1. If we only count helices (runs of 4 or more DSSP H) wholly inside the range B:403-486, which ones have 3 or more residues that are facing chain A (nearest Cβ under 10 Å)?
2. Going by what's in this entry, would B:A246 be described as within 16 Å of the chain's Cα centre (by Cα) and in a loop (DSSP other than H, G, I, E, B)?
3. Cβ contacts < 6 Å: first residue in contact (Cβ under 8 Å) with a residue 12 or more places away in the chain and closer than 17 Å to A:V401 by Cβ, restricted to the range A:482-504; second residue among the acidic types (D, E) and buried (at least 18 other Cβ atoms within 10 Å of the Cβ), any location; separation 6+ or different chain. Result?
4. Among the candidates A:T233, A:T240, single out the residue that is in contact with a helix residue (DSSP H, G or I) (Cβ under 7 Å, 6 or more places away or on another chain) and of a type in the set (S, T, N, Q).
5. Specify which of the listed residues (A:A42, A:A87, A:A73, A:A59) is surrounded by fewer than 22 Cβ atoms within 10 Å (Cβ to Cβ) and modelled with pLDDT of 90 or more.
6. Just one of (1) within 18 Å of B:T244 (Cβ to Cβ); (2) not in a helix (DSSP H, G or I) trips up B:S114, so point out which.
7. Scan the range A:1-39 for residues that are in a loop (DSSP other than H, G, I, E, B), closer than 21 Å to A:I83 by Cβ and small (G, A, S) and jot them down.
8. Please state which one of B:V80, B:V86, B:V30, B:V70 is modelled with pLDDT under 90, part of a helix (DSSP H, G or I) and at negative phi.
Amino acid sequence: MASLNLLTVVIFLPLAGAVAAAFFPADEPNQHRALALLFSLATFFASLGLWFGFNTTHAAPEFQFETMVPWVASLGVSYHIGIDGVALLLVLLTTVLTPIVVLSTFRSVQERVKEFMIALLVLESAMIGTFAALDLILFYVFWEAVLVPMYLLIGIWGSDNRLYATLKFFIYTFVASVLMLVAILYVSAHAGGSFDYLKVRENLQLGVSAERVVFLAFAAAFAVKVPMFPLHTWLPDAHTEAPTAGSVILAGVLLKMGTFGFFRYALPLFPEAALHYRPLLATLAVVGILYGALMCLVQKDMKRLVAYSSVSHMGFVMLGLMALTVEGLTGGVYQMLNHGISTGALFLLVGLLYERRHTRAISEFGGLGRQMPWLATAFVIVTLSSIGLPGTNGFVGEFLVLSGTWLGRLQGHLFGHPVAAAWFAALGALGVILGAVYMLLLVERVFLGPLRNPKNQSLPDLSVREWFVLVPLVILIGVLGLVPQPFLTPAREPALRLLARFQTVEERLRKENPELPPATGSEPAAIAGRE
Amino acid sequence: MNGFSPTDLAAMLPLALLVAGALVLLLSEVFLTSARRGYQVGVTVATAALSALAAFSASPAGPVFGGMAVVDAFSTFVTVVVCFGVALSALLAGPWLRAREAERGEFYALLLFSASGMVLLSSASDLLVAFIAIEIMSLSTYALAAWMRRGRKPAEAAFKYFLLGAFSSALFIYGSALVYGATGSTLFASIPHSSGALLATGLGLVGAGLAFKVAAVPFHQWTPDVYEGAPTPVTAFMAAGVKTAAFAVLARLLVTVWAGPQAAGLGSGGVVTVLALLTMIFGNLLALPQRSVKRMLAYSSIAHAGYLLVGVVAAGAMGARSSGIAALLFYLAAYTATVIGAFAVVGILERRGAPAEEPNDAWDLTRLAGLARRRPGLAFVMAVFMVSLAGIPPSAGFIAKLLIFKAAVAAQAYGLAVVGVLTSALGAYYYLRVVVYMYMRAPEAEEAPLVSPALSVALAVCALTVVVLGIGPEPVAALARVASALAP
């Protein structure tokens, strides 16, 4: 490497921080807090270089900040990294959330601070690496490397039932991922023996049934991470038991690795199989939206409620991707950012309440708005973003996903009867309404009404540090809600490329079977109406 | 057969060095006062290092002793791995034995004699040479396993190991006799030129004898008891060295047989596939309920034999021969460093009870509880070894499994690859349980763990090897690839 690649710096800066922290004494927690904050902030500023240096025009190369160094030559594995617009947004989401999370743990984590910060920094490196990898094995290495620090975060710093939750988390995700490893090996063997993403995408030759099996192996690994109904059962446990920081990272970034996996790997590498399984995946996405929302209505534990709302919200992301329209894909990507910001903020707020009262039971609260007006204000803003009120980021994402689905050519089947795309959009919209119901009910039960519980009467409002934790997220909610264009543009080019890929496949299929109706893109009438 | 030429003897220099080192240790025990301890570990490590250096620097000589043995890149690689294992085991054995007042020079002499058998085994290309090498290796290990014959369990372990070892040797030699009857020769290379029931039976018996040595299911029953009962440094040596050498000869034999014109008629590929499946599945399943860490590692070594067998099966396929052997060799190197490191931690923590005491809970998981607070460094390296055994990146174990499964996919053995990854996910459960105890449980008051510079060196070398092979595996992987070209 002649000059150090900026993306490489962003990936390994947190890891360097973790290594540095190893040399500091464990009985000086403040040094470790400062060190972790320093390195995560440095990573954030370095990643701003990616943001400002990124070219979003059509003429720009697909992957930027690219670099390639042979890694295990005898395996054909190389350290090949680069980011497209979607990866750029997710890398930034990671680098924004991590310093906030570090700051949020200054009071809540008092035990083994050194190990905690090391785990957090290693986790950040692995997450950024997952988004930046352009080699299938490198991707898998980062993907799996995420598991161990997350496992430790939940298992060491979690609450009472943490061992069960962390093991469940690990086993679910690990079992699903190892099958993807075999699929990766199979794919590489049928793409000239290379693991390079670009070469594999170019040269992959698979039979119809083989492509479907391989797609399912990839999709299973990603679907567990998203998590899609019915593979979601690890999530409520993991979220409930995880420390606040773990929940924020889990909801904020880890779940996006699943949807990112669909966008980057499962859809473009196996388009035919993806078209085949699309009705199933879209149906599961809608079921997840509604099921998650309904489960939220009956939760007694605040954290569990937010966890189930993640199932619902990530269903929107999947629905947007499965719509296979420009609006749906960009909306899905945008919704990934929104969910990272607003659910991350929700977990932080629930964590603040937990630090004050050491309970997460909704029934213990009520009327907190009088006692802590600023915390209540932040909670209401985040809630409005979460339910997609116009003016907040959530509205932009949900609107794009639903309109993209409505305008698209997604077609499902129910007992042999075709189900039109509009139904998917309508049921998704029902999920939006349910979302408003459960979130507003939560706000009402926790913050509104009279302050009855005497234990709540002396709770302090936000401290200065907590302001610094929440304000960046509230600002992001407003900015992404009012000025969405700069954050939509990077996703547009990758979405168009993905659609173009699907359209070539469709044309090929139509040569074999001219009767085949078009399946991707928007209805022309709808587009004409909009122009 | 030709006479022995001086070049033949020169090619055997690594083996000769190991024997010379063993003799030096034996003699020193006679002439030096037994009050002076400590030099034996140094002599053993130096001997192993010299032997590895000699193997590494000598040019591959090809067939020696009239084709009864082969010195090639493959045997060189195995020799280096065996020497690495011997040196690490000796570093572990020194403090461990001293803490139990059981250190004598003969221990290290036996270690080196056993290693000389392993080195010969890696070169054997004749059933009789293989048999002699197996016996040299095994007789020394029987004695080592009986080194601490205090209490019922160690005695039972040593006796069981001897009895079943003798049984497997008998199977091997009887099989060799049948092969000789069918082909008129004991050379590996002559086997694939014939076929028939007699040869298939003979080959089956030889294979069964080797399956005992590598502890493949259903020939594994001795492993847990012996591994648990033997002194921990010896267990580490068995898990690393004996497994490496036995797999070396198994791979050379089977690849020679499968490359021949009559391979299909012998039908051995299917048998090995079944063995690999059974070994992966049962090795991992049986390890699940174990509470004794030492016993869990014993079952895990069975499971790893299953993954190694996948490499052997892959090596039998047309397009995957060299990638299968290279994967096998890399796996053996990675496993040697990982398993010796893991057993070293077990040895450090195990109870040093009175001789008569039954060490039933000597290796219970609770002895690891809260280790991250008591000995953070020790807990960290143990976590590294567990991650590597589970095959989670970035560790040597992951790259090793990746190579194995890649070879299996190249050989179109998809079933083996799928079962392999699923059972390794199962394995993650019991390896991570160790991490749970070390990091997520409160410490219990325990006697102070063993501390010694030699142990620290051994642990550091093991952990460093695991991490380096996980992050920068290319040099070793390239060497394994070179070594995969077996000399004819």
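The values are calculated or read from the model by the stated rules, or taken from the named source; none is laboratory data. Not measured: the values here are computed from a predicted model. Neighbour counts are summed over all protein chains in view; Cβ atoms, including those assigned to glycine, are modelled from backbone coordinates with ideal geometry.
1. On the way: elements: B:414-440, B:453-471, B:474-483.
It comes to B:414-440, B:474-483.
2. no
3. Pairs that qualify, where the first residue is in contact (Cβ under 8 Å) with a residue 12 or more places away in the chain and closer than 17 Å to A:V401 by Cβ and the partner is among the acidic types (D, E) and buried (at least 18 other Cβ atoms within 10 Å of the Cβ), are A:P494/A:D84.
4. A:T240
5. None of the other options fit; the residue is A:A42.
6. (2)
7. First, the residues of the range A:1-39 that are in a loop (DSSP other than H, G, I, E, B): A:1-5, A:23-28.
Remaining after also requiring closer than 21 Å to A:I83 by Cβ: A:1-5.
Hits for the range A:1-39 are A:A2, A:S3.
8. B:V30 is the lone residue from the list that is modelled with pLDDT under 90, part of a helix (DSSP H, G or I) and at negative phi.
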